[in-house]
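Encoded as C-alpha coordinates, the structure appears first; notes follow it.
The values are calculated or read from the model by the stated rules, or taken from the named source; none is laboratory data. Note that the structure is predicted; figures quoted are calculated from it, not measured. Here the Cβ is made from the backbone with ideal geometry for all residues, glycine too, and neighbour counts use every protein chain on show. When the accessible area is computed, the model is the full protein with side chains, heavy atoms only, and any ligands, DNA or RNA have been set aside. Shrake-Rupley method; radii C 1.70, N 1.55, O 1.52, S 1.80 Å.
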Amino acid sequence: MPNDADQPGNEAGGGTLHFGVRDVVDGREIGPEFLPFALLQAFADEVGRFLRGGTRLVDLALVPVGVAGPGFGFNVTLDADSHAALRGECALLAAGPTGLARIDPRRAEIVLAWQEAARKCPRRVYRVYDPAGTKGSGLRIDARTRFQSTNEETWVEVEKYLFGRVVEAGGKTNTNLHLVLDGSRETVIVAATEQQLQKDERNRLFHEVLVHVSARQNLRTGLLRDVVLLAFADQSAEVDEDALARMVARGTERWRDVPLSAGF
(Lines give C-alpha, C1' and ligand atoms only; values in the text may rest on other atoms or scores of the structure.)
Protein backbone atom coordinates (compact mmCIF):
# COMPACT_ATOMS: atom_id res chain seq x y z
CA MET A 1 0.00 0.00 0.00
CA PRO A 2 1.46 3.38 -0.90
CA ASN A 3 2.86 5.39 1.96
CA ASP A 4 1.44 8.65 0.62
CA ALA A 5 0.94 10.60 3.79
CA ASP A 6 3.28 12.28 6.22
CA GLN A 7 3.03 10.06 9.27
CA PRO A 8 4.77 10.15 12.64
CA GLY A 9 7.62 7.72 13.16
CA ASN A 10 7.57 4.77 15.50
CA GLU A 11 8.11 5.38 19.17
CA ALA A 12 10.94 3.59 20.92
CA GLY A 13 9.93 0.09 21.83
CA GLY A 14 6.68 0.24 19.85
CA GLY A 15 5.26 1.26 16.53
CA THR A 16 2.41 2.87 14.65
CA LEU A 17 -0.24 1.41 12.38
CA HIS A 18 -2.37 3.54 10.07
CA PHE A 19 -6.01 2.54 9.51
CA GLY A 20 -7.58 4.53 6.68
CA VAL A 21 -10.73 4.70 4.61
CA ARG A 22 -11.28 6.64 1.37
CA ASP A 23 -14.56 7.17 -0.45
CA VAL A 24 -16.57 9.73 -2.40
CA VAL A 25 -19.99 10.63 -0.94
CA ASP A 26 -22.38 12.96 -2.76
CA GLY A 27 -19.57 13.95 -5.09
CA ARG A 28 -17.17 14.90 -2.28
CA GLU A 29 -14.13 12.97 -1.12
CA ILE A 30 -14.32 12.16 2.56
CA GLY A 31 -11.77 13.55 4.98
CA PRO A 32 -11.47 15.24 8.37
CA GLU A 33 -13.55 18.17 7.06
CA PHE A 34 -16.32 16.02 5.54
CA LEU A 35 -17.30 12.61 6.83
CA PRO A 36 -20.77 11.05 7.31
CA PHE A 37 -21.27 10.46 11.01
CA ALA A 38 -22.43 6.87 10.52
CA LEU A 39 -19.26 6.05 8.55
CA LEU A 40 -17.08 7.61 11.26
CA GLN A 41 -18.83 5.66 14.00
CA ALA A 42 -18.75 2.37 12.12
CA PHE A 43 -15.10 2.75 11.11
CA ALA A 44 -13.97 3.62 14.65
CA ASP A 45 -15.85 0.58 15.98
CA GLU A 46 -14.34 -1.69 13.32
CA VAL A 47 -10.80 -0.47 13.94
CA GLY A 48 -11.28 -1.05 17.67
CA ARG A 49 -12.49 -4.62 17.10
CA PHE A 50 -9.65 -5.26 14.65
CA LEU A 51 -7.11 -4.11 17.26
CA ARG A 52 -8.59 -6.23 20.06
CA GLY A 53 -9.22 -9.39 18.05
CA GLY A 54 -10.54 -12.46 19.81
CA THR A 55 -7.71 -12.50 22.34
CA ARG A 56 -8.18 -8.88 23.44
CA LEU A 57 -4.58 -8.24 22.42
CA VAL A 58 -4.86 -4.45 22.72
CA ASP A 59 -6.35 -2.49 25.63
CA LEU A 60 -8.09 0.35 23.79
CA ALA A 61 -8.11 2.51 26.91
CA LEU A 62 -4.31 2.71 26.75
CA VAL A 63 -3.91 3.31 22.99
CA PRO A 64 -3.01 6.83 21.77
CA VAL A 65 -4.71 7.70 18.46
CA GLY A 66 -4.20 10.55 15.99
CA VAL A 67 -6.42 11.52 13.07
CA ALA A 68 -4.67 11.53 9.68
CA GLY A 69 -5.30 11.49 5.92
CA PRO A 70 -5.44 10.94 3.06
CA GLY A 71 -9.18 10.37 3.17
CA PHE A 72 -9.86 9.69 6.82
CA GLY A 73 -7.77 7.54 9.12
CA PHE A 74 -6.29 6.83 12.53
CA ASN A 75 -2.62 6.57 13.44
CA VAL A 76 -2.59 4.07 16.32
CA THR A 77 0.48 3.84 18.56
CA LEU A 78 1.07 0.34 19.92
CA ASP A 79 3.51 -1.41 22.20
CA ALA A 80 6.19 -3.55 20.54
CA ASP A 81 4.44 -6.92 20.95
CA SER A 82 1.06 -5.72 19.71
CA HIS A 83 2.64 -3.84 16.82
CA ALA A 84 4.62 -6.89 15.70
CA ALA A 85 1.62 -9.24 15.99
CA LEU A 86 -0.76 -6.99 14.05
CA ARG A 87 1.82 -6.14 11.42
CA GLY A 88 2.46 -9.87 10.96
CA GLU A 89 -1.24 -10.57 10.40
CA CYS A 90 -1.47 -7.72 7.89
CA ALA A 91 1.48 -9.25 6.04
CA LEU A 92 -0.35 -12.60 5.85
CA LEU A 93 -3.38 -10.85 4.38
CA ALA A 94 -1.30 -8.84 1.92
CA ALA A 95 0.32 -12.05 0.66
CA GLY A 96 -2.95 -13.37 -0.77
CA PRO A 97 -6.58 -14.38 -0.13
CA THR A 98 -5.60 -17.57 1.72
CA GLY A 99 -4.08 -15.46 4.48
CA LEU A 100 -7.54 -14.85 5.88
CA ALA A 101 -7.66 -18.34 7.38
CA ARG A 102 -4.34 -17.76 9.16
CA ILE A 103 -5.28 -14.67 11.17
CA ASP A 104 -7.41 -14.10 14.25
CA PRO A 105 -11.05 -15.00 13.35
CA ARG A 106 -12.40 -11.75 14.79
CA ARG A 107 -10.05 -9.72 12.60
CA ALA A 108 -11.03 -11.87 9.64
CA GLU A 109 -14.65 -10.82 10.24
CA ILE A 110 -13.66 -7.14 9.96
CA VAL A 111 -11.72 -7.80 6.75
CA LEU A 112 -14.75 -9.49 5.22
CA ALA A 113 -17.02 -6.67 6.39
CA TRP A 114 -14.72 -4.08 4.77
CA GLN A 115 -14.59 -6.13 1.59
CA GLU A 116 -18.40 -6.29 1.46
CA ALA A 117 -18.68 -2.53 2.09
CA ALA A 118 -16.21 -1.83 -0.72
CA ARG A 119 -18.23 -3.97 -3.12
CA LYS A 120 -21.37 -2.00 -2.28
CA CYS A 121 -19.49 1.33 -2.56
CA PRO A 122 -17.02 0.77 -5.45
CA ARG A 123 -14.99 3.92 -4.72
CA ARG A 124 -14.33 2.93 -1.12
CA VAL A 125 -10.84 1.77 -0.14
CA TYR A 126 -9.65 0.55 3.27
CA ARG A 127 -5.97 0.51 4.18
CA VAL A 128 -3.88 -0.82 7.04
CA TYR A 129 -0.12 -0.26 7.02
CA ASP A 130 2.93 0.70 9.03
CA PRO A 131 3.87 4.31 8.09
CA ALA A 132 7.53 3.49 8.81
CA GLY A 133 7.48 0.31 6.72
CA THR A 134 8.51 -0.36 3.16
CA LYS A 135 6.68 1.67 0.53
CA GLY A 136 3.93 -0.40 -1.07
CA SER A 137 3.63 -2.82 1.85
CA GLY A 138 0.53 -3.24 3.96
CA LEU A 139 -3.07 -4.21 3.36
CA ARG A 140 -5.47 -2.68 0.83
CA ILE A 141 -9.14 -3.66 0.55
CA ASP A 142 -11.26 -2.38 -2.33
CA ALA A 143 -14.03 -3.55 -4.66
CA ARG A 144 -11.65 -5.96 -6.42
CA THR A 145 -10.46 -7.71 -3.25
CA ARG A 146 -11.39 -11.38 -3.10
CA PHE A 147 -10.79 -12.69 0.41
CA GLN A 148 -12.68 -15.87 1.21
CA SER A 149 -12.87 -17.76 4.45
CA THR A 150 -11.49 -21.26 3.91
CA ASN A 151 -12.84 -22.51 7.23
CA GLU A 152 -16.15 -24.32 7.10
CA GLU A 153 -18.73 -21.93 8.49
CA THR A 154 -22.30 -22.70 9.43
CA TRP A 155 -24.82 -19.91 8.88
CA VAL A 156 -28.41 -20.32 10.03
CA GLU A 157 -31.49 -18.22 9.45
CA VAL A 158 -32.67 -16.54 12.64
CA GLU A 159 -35.23 -14.09 13.90
CA LYS A 160 -34.29 -12.00 16.88
CA TYR A 161 -34.72 -8.72 18.67
CA LEU A 162 -31.97 -6.09 18.65
CA PHE A 163 -31.82 -3.12 21.00
CA GLY A 164 -29.75 -0.07 20.24
CA ARG A 165 -29.55 3.55 19.11
CA VAL A 166 -30.44 4.62 15.57
CA VAL A 167 -27.68 6.89 14.22
CA GLU A 168 -28.80 6.97 10.59
CA ALA A 169 -32.05 6.17 8.78
CA GLY A 170 -33.09 6.26 5.15
CA GLY A 171 -30.68 6.33 2.24
CA LYS A 172 -30.81 7.38 -1.41
CA THR A 173 -30.04 3.97 -2.90
CA ASN A 174 -30.40 1.39 -0.13
CA THR A 175 -32.96 2.17 2.57
CA ASN A 176 -31.71 1.05 5.96
CA LEU A 177 -31.13 1.80 9.62
CA HIS A 178 -27.70 2.08 11.23
CA LEU A 179 -28.18 0.62 14.69
CA VAL A 180 -25.49 0.90 17.38
CA LEU A 181 -26.15 -2.09 19.63
CA ASP A 182 -26.49 -1.51 23.33
CA GLY A 183 -23.61 -3.03 25.29
CA SER A 184 -21.25 -4.03 22.48
CA ARG A 185 -21.45 -0.67 20.64
CA GLU A 186 -21.27 -2.64 17.39
CA THR A 187 -22.98 -0.99 14.42
CA VAL A 188 -25.44 -3.19 12.54
CA ILE A 189 -26.98 -2.12 9.23
CA VAL A 190 -30.63 -3.19 9.10
CA ALA A 191 -32.22 -3.23 5.65
CA ALA A 192 -35.71 -1.74 5.52
CA THR A 193 -38.25 -0.63 2.95
CA GLU A 194 -39.39 2.94 2.33
CA GLN A 195 -42.90 1.87 3.28
CA GLN A 196 -41.75 0.58 6.69
CA LEU A 197 -40.08 3.87 7.51
CA GLN A 198 -42.88 6.03 6.11
CA LYS A 199 -45.58 4.20 8.06
CA ASP A 200 -43.66 4.48 11.34
CA GLU A 201 -45.10 7.44 13.22
CA ARG A 202 -42.23 7.81 15.68
CA ASN A 203 -39.02 9.73 15.12
CA ARG A 204 -36.47 6.94 15.62
CA LEU A 205 -33.33 8.90 14.69
CA PHE A 206 -30.91 9.23 17.63
CA HIS A 207 -33.32 7.31 19.86
CA GLU A 208 -33.02 3.85 21.40
CA VAL A 209 -35.25 1.29 19.73
CA LEU A 210 -36.11 -2.39 19.88
CA VAL A 211 -36.40 -3.96 16.45
CA HIS A 212 -37.56 -7.39 15.31
CA VAL A 213 -35.31 -8.60 12.50
CA SER A 214 -34.50 -11.62 10.37
CA ALA A 215 -30.86 -12.40 9.62
CA ARG A 216 -28.27 -15.07 8.96
CA GLN A 217 -26.08 -15.83 11.97
CA ASN A 218 -22.69 -17.50 12.13
CA LEU A 219 -22.82 -20.39 14.61
CA ARG A 220 -19.14 -20.05 15.50
CA THR A 221 -18.82 -16.30 15.96
CA GLY A 222 -22.38 -15.05 16.37
CA LEU A 223 -21.83 -12.58 13.52
CA LEU A 224 -25.01 -11.36 11.80
CA ARG A 225 -25.39 -10.69 8.09
CA ASP A 226 -28.27 -9.90 5.73
CA VAL A 227 -30.17 -8.24 8.59
CA VAL A 228 -33.70 -7.21 7.54
CA LEU A 229 -36.24 -5.22 9.52
CA LEU A 230 -39.47 -7.08 10.25
CA ALA A 231 -41.01 -4.56 12.62
CA PHE A 232 -40.33 -1.96 15.26
CA ALA A 233 -41.15 -3.66 18.58
CA ASP A 234 -42.95 -1.88 21.38
CA GLN A 235 -40.69 -1.64 24.39
CA SER A 236 -43.06 -3.09 26.97
CA ALA A 237 -43.07 -5.92 29.45
CA GLU A 238 -45.91 -7.68 27.63
CA VAL A 239 -45.01 -10.69 25.50
CA ASP A 240 -47.00 -11.90 22.50
CA GLU A 241 -47.15 -15.58 23.45
CA ASP A 242 -48.46 -16.67 20.03
CA ALA A 243 -45.68 -14.80 18.20
CA LEU A 244 -43.10 -16.26 20.58
CA ALA A 245 -44.40 -19.78 19.96
CA ARG A 246 -44.19 -19.27 16.20
CA MET A 247 -40.58 -18.05 16.49
CA VAL A 248 -39.63 -21.07 18.63
CA ALA A 249 -41.22 -23.44 16.13
CA ARG A 250 -39.44 -21.85 13.18
CA GLY A 251 -36.14 -21.87 15.03
CA THR A 252 -36.50 -25.52 16.01
CA GLU A 253 -37.14 -26.51 12.41
CA ARG A 254 -34.24 -24.47 11.00
CA TRP A 255 -31.76 -25.81 13.58
CA ARG A 256 -33.01 -29.39 13.30
CA ASP A 257 -30.02 -30.66 11.29
CA VAL A 258 -27.36 -28.66 13.15
CA PRO A 259 -25.14 -30.87 15.39
CA LEU A 260 -25.52 -30.21 19.09
CA SER A 261 -21.77 -29.72 19.37
CA ALA A 262 -21.94 -26.61 17.16
CA GLY A 263 -21.90 -23.48 19.27
CA PHE A 264 -20.79 -19.90 19.47
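Per-structure values
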item	result
Residue match in region 57-77 (condition: over 30 Å from L219 (Cβ atoms), part of a strand (DSSP E or B), free of Cβ contacts under 8 Å to residues at least 24 places away in the same chain and touching a strand residue (DSSP E or B) at 6+ places or on another chain (Cβ under 8 Å))	yes
Residue in region 59-70 that is in contact with a Gly (Cβ under 7 Å, 6 or more places away or on another chain), modelled with pLDDT of 90 or more and farther than 26 Å from P105 by Cβ present	no
Where L177 falls short, out of the listed (1) in contact with a helix residue (DSSP H, G or I) (Cβ under 9 Å, 6 or more places away or on another chain); (2) modelled with pLDDT under 85	(2)
Criterion violated by G54 - all others in (1) out of contact with any strand residue (DSSP E or B) (no Cβ under 9 Å at 6 or more places or on another chain); (2) outside any loop (DSSP other than H, G, I, E, B) satisfied	(2)
Within region 71-103, tally of residues that are open to solvent by 20 Å² or more (accessible area, probe 1.4 Å) and either among the basic types (K, R) or over 17 Å from G133 (Cα atoms) (or both)	5
Enumeration of residues in region 78-98 that are in contact (Cβ under 8 Å) with a residue 60 or more places away in the chain and not in a helix (DSSP H, G or I)	L78, D79
Counted residues, region 11-33 - those being of a type outside the set (G, A, S), open to solvent by 40 Å² or more (accessible area, probe 1.4 Å) and under 20 Å from K120 (Cβ atoms)	5
Where G53 falls short, out of the listed (1) at pLDDT below 90; (2) exposed (fewer than 15 other Cβ atoms within 10 Å of the Cβ); (3) within 19 Å of the chain's Cα centre (by Cα)	(2)
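Residues checked against (1) touching a residue at least 40 places away in the same chain (Cβ under 8 Å); (2) touching a helix residue (DSSP H, G or I) at 6+ places or on another chain (Cβ under 9 Å):
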residue	(1), (2)
L100	yes, yes
I103	no, yes
R106	yes, yes
A117	no, yes
P122	no, no
R127	yes, no
G133	yes, yes
L139	yes, yes
